[in-house]
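Remarks on the structure that follows.
Coordinate-derived values only; no laboratory data. Just so it is clear, the model here is predicted, and its values are computed rather than measured. Please note: Cβ atoms are built from the backbone with ideal geometry, for glycine as well, and neighbour counts cover all protein chains shown.
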Amino acid sequence: VEETYIMVKPDGVQRGLVGEMISRFEKKGFKLTGLKLFQCPQELAEEHYKDLKSKSFFPKLISYITSGPVVCMAWEGVGVVASARKLIGATNPLQAEPGTIRGDLAVQTGRNVIHGSDSPDNGKREIALWFKEGEVC
Ligand code: ATP
Ligand code: MG
């Protein structure tokens, strides 16, 4: 079954939006298979976003993701990777459609409240990166 890694970023946790975001994936019909609150170490943030290492915003991105606890989630279901990206909305929340998580709950690209894997391969890679064996059902 296809799986994706979804993460509520530190601003989403701090603003009390965790339940709202989980609810959207539950209502859609996907299956939650992993869930934890976690303070991300710098090295893990760098590994997770390694494809963006050359970007000018990379240092800011790493300090954002490590600025407070995140909520790590694994979700599974048919087509879950692309569907979750649709539920999340565009990277820039000002361009994200109303009705999407970023469209409804965020205004800044650098504080866009949630992450979703961009391919089934990355879904598997990221779940293996963020969860230990036995933490995912
Ligand atoms: P994510 O991977 O977090 O789900 P995404 O796939 O929509 O987001 P990416 O291109 O993978 O977007 O960028 C990863 C994250 O880096 C973005 O979600 C955002 O937090 C940050 N980011 C991307 N572009 C910029 C930018 N121009 N300025 C500041 N931060 C940025
Ligand atoms: Mg991405």
Point to revise | Gyration tensor (alpha-carbon) shape descriptor, the chain, a/c threshold 1.5 | key: rounded
Review point. What are the ³J(HN,Hα) values, in whole Hz, obtained from phi via the Karplus relation 6.51 cos²θ - 1.76 cosθ + 1.60 with θ = phi - 60°, for each residue of region 78-86 in sequence order, with x given for Gly and Pro?
Key: 5, x, 5, 5, 5, 5, 5, 4, 5
Check your understanding: In deg cm²/dmol and to the nearest 500, what is the mean residue ellipticity at 222 nm of the chain if only DSSP H runs of at least 4 residues count, each as -39500 (n - 2.57), divided by the residue total?
Key -> -11000 deg cm²/dmol
Revision key, fill the gap. Given unit charges at Cβ for Lys, Arg (+) and Asp, Glu (-), the dipole magnitude of the chain about its Cα centre in debye, nearest 20, is 320
Point to revise | Within-10-Å neighbourhood charge of K124 [Cβ basis; K, R +1; D, E -1] | key: -3
**Study point:** Taking the chain and dividing mean pair separation by its residue count, relative contact order in percent (alpha carbons under 8 Å, at least six apart)
**Key:** 38
Point to revise | the chain: antiparallel DSSP beta bridges as a percent of all, rounded to 5 | key: 95
Study note, to complete from the structure: Percent relative contact order for region 65-105, counting Cα pairs under 8 Å at least six residues apart, stands at 25
Point to revise | By average C-beta atoms within 10 angstrom, highest first, the peptides 49-56, 11-18, 114-121, 27-34 | key: 114-121, 11-18, 27-34, 49-56
Exercise for review: Could I have the simple spin-label model distance between T91 and S119, label points 7 Å from Cα toward Cβ, reported in nm to one decimal?
Suggested key: 1.5
Point to revise | region 1-45: C-alpha gyration tensor shape, a/c 1.5 cut-off, then a/b vs b/c | key: oblate
Exercise for review: Sort the following peptides by mean Cβ neighbour count (other Cβ atoms within 10 Å, averaged over residues), highest first: 129-137, 40-48, 86-94.
Suggested key: 86-94, 40-48, 129-137
Study note, to complete from the structure: With label points set 7 Å from each Cα along the Cα-to-Cβ direction at S54 and R111, the distance between them in nm comes to 3.1
Check your understanding: Lysine pairs in the chain 8 or more apart or on different chains: how many have alpha carbons under 18 angstrom apart?
Key -> 13
